[in-house]
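Undergrad: Got a structure for you, written out below as structure tokens; questions coming shortly.
The values are calculated or read from the model by the stated rules, or taken from the named source; none is laboratory data. Because the structure is predicted, anything quoted here is derived from the model rather than measured. Reconstructed Cβ throughout: ideal geometry from the backbone, glycine too, with neighbour counts over all protein chains shown.
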Amino acid sequence: MRPVQSLLFALVVSLAAACTSWQPVETREAWTLYTKPGYTVDIACFARALEPAFVAVEERMGPFRKNVRIHALAEAAEGGLEAEAQFETVPGIGPARVRAFHVRATANPFQSGGVFLECADTGAAVHELVHARVAEEGVKLPLWFEEGLAQFYGDGAVYEDRWYVDGLCCWPLRELREERLSDTDLERLLAVRGSDSAPSRDNLLVHFIGWAIVFDLAREAPNAAWHQWYDAWRADDSTAAARARIERTIADRSHVDWLKRLDDEDPGVRFATAKGTWKLRSASAAERLLARLDDEEEPTVRFALALNVLITGGEARLSGRQWGRFGRLVFSTLRSANLADPAEAQSLELVRRALRGRTSKAESDRAFDGLARYWDE
């Protein structure tokens, strides 16, 4: 995601400047990984995140013609400007976190273009690679469309080394349902450009409305290429058309209909669909996940369903019947789950202890962070 303006300024000045301060540590056919002198980075971890990201973007947007610079910020962020600038409270919305950003290459020899990643996250990489691919093509897109496309492709999950695009971004969906934009507001947001010094709230809302419009275009023509979605938009680019597409996306039943993907034959699709649904804060979504959990046999998908319902239990009002099924299905799944990754297994054990009231809040937070690939959108 492109960060809010004040964060973008601080990050670009401190990190993108002085390209000689970045050193290559790994080169592959499509990308080169850079880090700052004196810092270490888990190259294998970044490679596992980047490879499926490149495959996903190139399948949908064509191959990169040039090797892409990837700058690893994960280790550099400890205690420095980067760590302090990761969050900004957006009025009326809440804290916004900058996980990654893209800087267009320029003729300036002292500025390093490319993708900057706070951590080895495939979804964040997909999002920024969309920006990199658009920049390489030299296509002039409205800011809202480019950000919406990046959010759509960047929402999903890695299953068996493949990035499965889901596209239902639950946080923007919830916020747009609560934030009833006027036509004047919508027209203003559609006109925001990347070079504008827009307030942080407007900047974030541009991302949200962009996703909502792209989501509707994608549902309308699921097999079309991204530029065909853009052509469909250009056929009627009025504020009224934008309003109609946003309203279809945020309709009460939109997420219920989308969650039918939980019955897809491909477990990767089911996993990507389940991940992040807790952000809807929806009892109807929890009901749909519980129904799938009752039948699900694939261990990864089953665990993701249980974890997202568990978190939803703290965010939404569930009925007495749902709480009964919650105890029967969710707790039993968490008790019996066997995670192959040692770090994830340790985090799961901490979650189990937390559910028994035997951990501190800090320990509980770390436990859920260790299982982020199952729930974090």
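Undergrad: Got a sec? Which of E160, E137 is over 18 Å from the mean Cα position of the chain (by Cα) and modelled with pLDDT under 95?
TA: Going through E160, E137 in turn, the sole match is E137.
Undergrad: Still on this structure, I have one more. For segment 1-40, which residues satisfy the criterion of being farther than 18 Å from H102 by Cβ, β-branched (V, I, T) and at pLDDT below 90?
TA: Those that are farther than 18 Å from H102 by Cβ, β-branched (V, I, T) and at pLDDT below 90: T20, T40.
Undergrad: Scan segment 312-331 and give yes if some residue there is under 23 Å from the mean Cα position of the chain (by Cα) and either under 21 Å from V165 (Cα atoms) or polar (S, T, N, Q) (or both), otherwise no.
TA: Our first condition is that a residue be under 23 Å from the mean Cα position of the chain (by Cα); within segment 312-331, this holds for 312-316.
If we keep only those that are either under 21 Å from V165 (Cα atoms) or polar (S, T, N, Q) (or both) as well, we get 312.
There is at least one residue in segment 312-331 that is under 23 Å from the mean Cα position of the chain (by Cα) and either under 21 Å from V165 (Cα atoms) or polar (S, T, N, Q) (or both).
Undergrad: Considering (1) outside any helix (DSSP H, G or I); (2) surrounded by 15 or more Cβ atoms within 10 Å (Cβ to Cβ); (3) not aromatic (F, W, Y), say which one T249 fails and leave the rest.
TA: (1)
Undergrad: Among the listed residues G313, G327, which satisfies the condition of being among the small types (G, A, S), out of contact with any strand residue (DSSP E or B) (no Cβ under 9 Å at 6 or more places or on another chain) and over 23 Å from D257 (Cα atoms)?
TA: Only one candidate qualifies: G327.
Undergrad: Based on what the data block shows, is D237 in contact (Cβ under 8 Å) with a residue 40 or more places away in the chain and surrounded by fewer than 16 Cβ atoms within 10 Å (Cβ to Cβ)?
TA: no
Undergrad: Just a yes or no: is a residue in segment 214-222 part of a helix (DSSP H, G or I) and loosely packed, with under 13 Cβ neighbours inside 10 Å?
TA: Checked segment 214-222: at least one residue is part of a helix (DSSP H, G or I) and loosely packed, with under 13 Cβ neighbours inside 10 Å.
Undergrad: Mind listing whichever residues of segment 165-208 are surrounded by 14 or more Cβ atoms within 10 Å (Cβ to Cβ), under 22 Å from the mean Cα position of the chain (by Cα) and among the charged types (D, E, K, R)?
TA: D166, R174, E175, R177, E179, R201, D202
Undergrad: Do you know which residues across segment 177-209 are among the hydroxyl-bearing types (S, T, Y) and in contact with a helix residue (DSSP H, G or I) (Cβ under 8 Å, 6 or more places away or on another chain)?
TA: Taking segment 177-209 first, the residues among the hydroxyl-bearing types (S, T, Y) are 182, 184, 195, 197, 200.
Across segment 177-209, the qualifying residues are S197, S200.
Undergrad: Given the criteria not assigned by TED's automatic domain parsing to the domain that holds L290 and not in a helix (DSSP H, G or I), does D237 qualify?
TA: So D237 passes the test.
Undergrad: Another question, if that's okay. What is the residue count in segment 231-270 for residues that are under 21 Å from R188 (Cβ atoms) and of a type in the set (F, W, Y)?
TA: 1
Undergrad: Taking the criterion of being in contact with a Cys (Cβ under 9 Å, 6 or more places away or on another chain) and either in contact (Cβ under 8 Å) with a residue 60 or more places away in the chain or surrounded by 20 or more Cβ atoms within 10 Å (Cβ to Cβ) (or both), would at least one residue in segment 153-164 satisfy it?
TA: Restricting attention to segment 153-164, the residues satisfying the condition of being in contact with a Cys (Cβ under 9 Å, 6 or more places away or on another chain) are 154-155.
From the residues that got through so far, the ones that are either in contact (Cβ under 8 Å) with a residue 60 or more places away in the chain or surrounded by 20 or more Cβ atoms within 10 Å (Cβ to Cβ) (or both) too are 154-155.
Yes: one or more hits.
Undergrad: Oh, and also: I'd like the full set of residues that are closer than 17 Å to G62 by Cβ and among the hydrophobic types (A, V, I, L, M, F, W, C), limited to segment 126-151.
TA: Of everything in segment 126-151, those that are closer than 17 Å to G62 by Cβ and among the hydrophobic types (A, V, I, L, M, F, W, C) turn out to be V126, L129, V130, A132, V134, A135, V139, L141, L149, A150.
Undergrad: Taking G148, is it touching a residue at least 24 places away in the same chain (Cβ under 8 Å), surrounded by 16 or more Cβ atoms within 10 Å (Cβ to Cβ) and assigned to a loop (DSSP other than H, G, I, E, B)?
TA: no
Listed here are the residues, each with its yes/no results for (1) within 27 Å of F271 (Cα to Cα); (2) of a type outside the set (D, E); (3) modelled with pLDDT under 95.
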position	(1), (2), (3)
F145	yes, yes, no
G156	yes, yes, no
L168	yes, yes, no
D183	no, no, yes
G194	no, yes, yes
